Structure formats: C-alpha cells, structure tokens
Amino acid sequence: MNAYDEERLAELLRALPPAPQAWVTAAQEIPPIRGRLDELVARAEADARYREQLIADLERALEAAGVEPSPIVLDALRERLAGE
Amino acid sequence: MRFYGLMSSPLPTDAELVARCRAGDQDAWRELVERFSRYVYAIAVQVYRLSEPDAEDVFQEVFTRVYERLGQLRDDGAVRPWIAQLTRRCCVDRLRQGVRVELIEELEAGEADDSLDQLEEAWGVREALGELSGPCQEVLDRFFTRDESYRTIGAALEIPAGTIASRISRCLAQLRDRYEGRIQERAPSGGRIR
C-alpha cells in the first residue's frame, strides 16, 4: 500500500484546519498597536477626566492616537479598560 | 485565504517575510499571521487540547510575542520552529494555570511529541498543496479543512456538485505526487518542533 494514500493525505490535510477568522484578524491588528493602546489605558488610569472622555468616545480617542478604530481594536480597548 | 497557485507572484519565503516584518511592513505582518495561524491553532487545540477560550488567549499571546520578539530571532528562516516553541510554552503555562497536571504529565510522556510530529508532516503536505493549481488547492482545502459539502463547494466554485468527488480524487493524486516528490528531493525538513 502507498504510504500516502488518499486516506492518509486526507488525515494530514485535516490536521491543519483554519483558525477562527476573528482570531486571525485580531492577531493581525492588535500587536502592532498594542503600545498605543497601553498608553491610552495608562493615561486613563492616571486621569479620571480623560478616562471619562475616552469611554464616551473610544473611536475619537483612537483616531487621535493614530489608530484605526476597527471593531476588533475597539473591543480590545474596551476589554483593557474593563480589566484595568 | 491565499492560495499560492492563484498568486500573480510567488509568495515570499519565511525569511523574507520576517525581514519585512522587522522593517515595519504591516502587510508582511498580516501575511505572517495568516501563514502560521493554522499551525499555532493546531498546536493549541490538537496537541495541548486547550479549550477554545484558552486557545484563543494563547493564540493572541503567541502572535503578540512573535511581534515583539522578532528582533531576537537569530535565523529568519527558522521562524516556524520558533513560533512552535513559543506556542508550546504558552500552552504549558496555560495548562499549569488551570492545574491540569494529569494532562501535562501525559503530554510530557510523549503524547505531545507524537502529535507534533504529525503536525510537521501535515505542514509538509500543506506546503505541497500550495504548489498545486489554484482550483485544486481550493477544492481540497474546502473539503478537508473547512468541511464544506459538495453542494457548497460546487456553488462557491461554480462547478457541478456531481464532479466534486472526481476533482478531489484527481487533486489528491496530484498532491501525493507533489508531496512524495518533495520528500525525495530534500532531506527531512527543519526537524522537530520542540
């Protein structure tokens, strides 16, 4: 029998299924802007007024920091603010 | 999803991709994540049997570390074993946090090595898949890794569903030839990921 018959190849193909797309997108988007998110959160921790403004309009705060406010980035920032 | 055969130019090597990432090329970073996402996912879920929430945390942690530590990589061409090592460490840390001691013992007794060897082989097959025509890559990927039905594949690719089985068989034969050819051409690749 051939070592790589159809059954074996199928098994090996199935061994690498795609990761959930949302995970992939987050991994593509978050690491490059992580530093800027850290800065925003740190500033919010130190300045209650800024924190209020940030929470009131996350998109504007991100844009002001030079970060595209995609849904994944917004979620990541919300999570960080919630977990401060 | 990107298929090699559908590309107008050849995909960059791992080393080229790493060099571009290090130079701040965001498109390269996206490509790197896309390229290794299945691999990291498979190690977390299949080898270390993490729950989906734990696997997601590990997945994000691994790529964050990769991004932050690319400058420490000594051999750009060895990025995949390096990513595998980072993933293993993150998975073990996660298991320890969850006090899944029995599972850690099982994995340390050799189960992880067997699973990782299987993933190495699967990676080789996937690379061979990338050398097939775009339609072959697509039909095999949709059927075997995305679990799509003949009907779904037929609708997506605008081909009669009744021809899918024969296409799969033909493409698998091409894949086997390509993969076995690769094995004969080169020494076993890069070694084990541990």
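Just so you know, all these numbers are worked out from the coordinates, no wet-lab data involved. These numbers were taken from a predicted model, which means no experiment stands behind them. Ideal geometry is used to build each Cβ from the backbone, glycine not excepted, and the neighbour counts take in all protein chains shown.
Odds and ends about this structure:
- Distance between the 7 Å Cα→Cβ label points at B:Gln85 and B:Gln184: 3.5 nm.
- Here the label points at B:Glu131 and B:Glu106, each 7 Å from Cα along the C-beta direction, are separated by 3.7 nm in the simple model.
- Between the alpha-carbon centres of segment B:26-62 and segment B:142-156 there is a gap of 23 Å.
- The magnitude of the dipole of segment A:21-82, with charges of +1 and -1 set on the Cβ of Lys/Arg and Asp/Glu and taken from the Cα centre, is near 100 debye.
- Counting only cysteine Cβ atoms and a cutoff under 4.7 Å, chain B contains unmatched residues B:Cys21, B:Cys90, B:Cys91.
- Taking the alpha carbon gyration tensor of segment B:19-74, multiplying each eigenvalue by 5 and rooting it gives semi-axes of 23, 11, 9 Å, largest first.
- Estimated at 0.36 nm per residue, the fully extended path between B:Asp93 and B:Ala161 surpasses their Cα-Cα distance by 19.9 nm.
- Every helix of 4 or more DSSP H residues in chain B counts as -39500 (n - 2.57), and over all residues that averages to -20500 deg cm²/dmol at 222 nm.
- Descending principal axes extents, segment A:21-82, alpha-carbon based, whole Å: 36, 21, 17
- Whole-Å semi-axes of segment B:38-194's equivalent ellipsoid (Cα gyration tensor): 32, 20, 15
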